[in-house]
Amino acid sequence: MAGGNRTSLDGCPTSCGNLIFAYPFGVGADCSRGPDFSLICDDDACRSPKLFLRDGITEVVDSIEVNINDFFLVSIRRAIPMNSGVRVYNMSLETPGRSFSFDRSATFSVTGCDLDVYWIDQMTSRPVFGCSTWCPGSEEIITEVAASYNCSGMGCCSVLVQDVFQISIQLSFVHRKSSSIGASRSSNRTSLLRDRITVVTSNSTLLFWNIVDQPNCASAEKNRTEYACISATTHCNDVATFGYTCECEQGFTGNAYIIDGCTDDIIGYNAKETKVYIGIIIGLSGGFGILLLAFLALFLLRRWRRNVQKQLRRTYFQKNQGLLLEQLTSPDKTNIFSLEELEKATNNFDPTRIIGHGGHGMVYKGILSDQRVVAIKKSLVIEYSEIKQFINEVAILSEINHRNIVKLFGCCLESEVPLLVYDYISNGSLTQVLHDESRNDVSLSWNDYIRIATEAAGALSYLHSAASISVFHRDVKSSNILLDGNYTAKVSDFGASRLVPVDQTHIVTNVQGTFGYLDPEYFYTRQLNAKSDVYSFGVVLLELLVRKKPIFTSNSGLVQNLSNYFLEALKEREITDIVDPQVAQEATKEEISSIASIAEMCLRLRGEERPTMKQVEMELQILREKQVSTWQSSPKNEQQNETILLTRRAKATCQAFATEPGQGANLPLEHNQRCYSLEEEFMESATLPR
């Protein structure tokens, strides 16, 4: 079969709606390899076709590409009724057969009232706490849809199951208030939450598959009648747990599970036809002698490799939307790096060079040939939507030049996965300084935080109004505000951003962002505008004041939204009783009230009532000018603030020394004395007359 790849048996369907699949999967009799791989296509005329596995309830939500991956995405939904007087309920999520196993990390949304959710560790058989739900009083109405959307505790929570690959997941639910079962019968929407427990996969989950009729390749190759890898130029891969998978050899693509399924990458012929042509070439060239044949073979090999590399580069360039990128950017603004240069910069993408995970990929630290230290962003999954985000981010950042926005050096289109090359920001993100307890070596003053907030506000104001084209960031949060060596703010991660024509005030998009920071008006109307970023920035200001995460767990164990918590607390208590003790110690009441007022304006439900980012920047600038004026007119205040900061930094320095590898509790007495002297020296130097 020349000029194309075979994917399934003759006469068997290969698609259901917009989803495609290939053998060993199939729909219908004799179209799949055994019952495990049998699929059901529900093509009801009243709605779009849906594809299910053999059990009829596990829905396939993405195409099954057997020649690329040994996994695919599925959606699982299970429900069990709740009975009065019963406190403990158990649920077993089984795979549809031995050929499948769940991913080692799967997230499920659990809806129901007043539940403690546990998952059972398969290694120890012990329950592991996952999350808790709670419901308001019976007089209040909450639907399953509303509860499952935020899924932050009220009527719904998310449980992350982390275990080795397994064919079943065991969940256990402890109901804390059995008397609430059947409550609020006046509302069917509410009673569903109180009368049943529903478990749904969050954003789908991965289901791995392999051939399990033999434990490994060695055993499978002995039984040729049942051996799954039947295409020529194919090889077998052992699975770590049990079974094996089949794959075309390097230089060939297609389906290794059917006869002549693997074809040559470049020529497009199957293995048998390729061998015939090679035989003819060898026969014709044999008359010219061994020496001529050796030179000819060497020449053909080099030419073939060169053609393969050129073809791969062209393929990846087109796949990565290279033509579109050339239209959106100019060569003088965006450098195109070679893959070889980036491999040298990261030591072939050594895992030890990984410095973090962004919203849309993995980030490596690298050193270019000109000694520039860079951060290289590599997407984790190859999907068309992510390639669009890649092009979007390059197009946006190539047009932006601002001291408080992360600098894009260029990109690489020669690899299967698109790569971005940024300036390396050495001191991590604002969220790490605020919430990461392991970062005790970093100590910023209240003035530093106000400066960082002002710089970030200036960057967003520039994006909204001063750049050549308006840009709505759409994912403003403290983890996307990076800090360089001087702790200068750098706004980053433009994978979710949108370009907006100058004659438009908003655009309609699919909702995208991070819960806790997401503008409620944008969520309900899907109309993205500059005020959506203003709302998210207001949450960042609350983090500076209260030092809590956007979604946090209170001392009573209740999961709360930071913005709701702050606005409610502001009605009942003084602002100085709400903020973090460190803030109350360093800042004046006027400064705290000013920041709280700005945050309150940013968090207003109606976007038209919120200030612009330019107005927020100006308010913060005015506050900073007042701080400078106050410190200059009162050196004593400056001296006291500096004493607090130096003392904290001295303690952090000693703590960092004390936790060096190989030391810890065994530090000698003279080291402890040296730390104490260092702290005293800081305090004394801060209080000397100047």
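Any read-out appearing in this document is the output of simple, stated calculations on the displayed coordinates, not a laboratory observation. Here the structure is a predicted model, which means the values were calculated and not measured. Glycine gets a Cβ as well: all are built from the backbone with ideal geometry, and neighbour counts include every protein chain shown.
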Segments 54-63, 528-537, 290-299, 18-27 sorted - mean Cβ within 10 Å per residue, highest first: 528-537, 18-27, 54-63, 290-299
Compactness ratio of segment 426-630: Cα Rg over 2.2 N^0.38 Å, N = residue count? 0.98
Please list, in chain and number order, the residues 5+ apart from Ser443 or on another chain whose amide H is under 5 Å from its amide H, with Hs placed from the backbone. none
Of Lys477/Lys626; Lys377/Lys549; Lys531/Lys614; Lys344/Lys378; Lys407/Lys531, which pairs sit farther than 20 Å apart, going by alpha carbon to alpha carbon? Lys477/Lys626; Lys377/Lys549; Lys407/Lys531
Selection from Thr263, Gln250, Ser219, by position along the positive dipole direction of segment 217-264 (Cβ): Ser219
Grab the other residues whose beta carbon is less than 14 angstrom from that of Ala584, score K and R as +1, D and E as -1, and report the net. -3
Could you give the size of the charge dipole of segment 217-264 about its Cα centre, using +1 on the Cβ of each K and R and -1 on the Cβ of each D and E, expressed in debye and rounded to the nearest 20? 160 debye
Segment 426-630, relative contact order in percent, only Cα pairs under 8 angstrom and at least six apart counted: 23 percent
When only alpha-carbon atoms count, how far does segment 217-264 stretch along each of its three principal axes, as whole angstroms with the largest first? 30, 23, 12
What net charge is computed for the residues neighbouring Tyr244, neighbours being all others with C-beta under 15 Å from the C-beta of Tyr244, Lys and Arg scored +1, Asp and Glu -1? -3
